[in-house]
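The values are calculated or read from the model by the stated rules, or taken from the named source; none is laboratory data. Note that this is a predicted model, so its numbers are computed, not measured. As a convention, Cβ positions derive from the backbone with ideal geometry for all residues, glycine included, and neighbour counts pool all protein chains shown. Side chains are part of the model used for accessible areas, which takes the heavy atoms of the whole protein and leaves out ligands, DNA and RNA. Shrake-Rupley method; radii C 1.70, N 1.55, O 1.52, S 1.80 Å.
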Amino acid sequence: MGKFAEADAAISKISICRRCKSRNKAGMKKCRKCGSVYLRAKKKEIRAKK
Ligand SMILES: [Zn+2]
């Protein structure tokens with residue numbers, strides 16, 4: 001879990017297309033934009049400022 005529960009929940013609902021980098025809903029089998037099946041979950045690590 002990240003520091004921000006709401007953001008963490010929102011991020012976990014998003015998948016990113018490896019091909020065109022468009023956002024898709026988590027659970028989607030194909031990218032809605034290019035039809036690629038190569039989706040990944042959005043990174044959950046929070047990049048904190050130094
Ligand atoms: Zn795509």
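Within region 15-37, count every residue that is more than 9 Å from the ligand (Cβ to nearest atom) and touching a Lys or Arg at 6+ places or on another chain (Cβ under 6 Å).
Of the residues in that region, 2 qualify.
Which ones in region 14-30 are under 14 Å from Lys43 (Cβ atoms) and open to solvent by 70 Å² or more (accessible area, probe 1.4 Å)?
Matches in region 14-30: Arg18, Lys21, Arg23.
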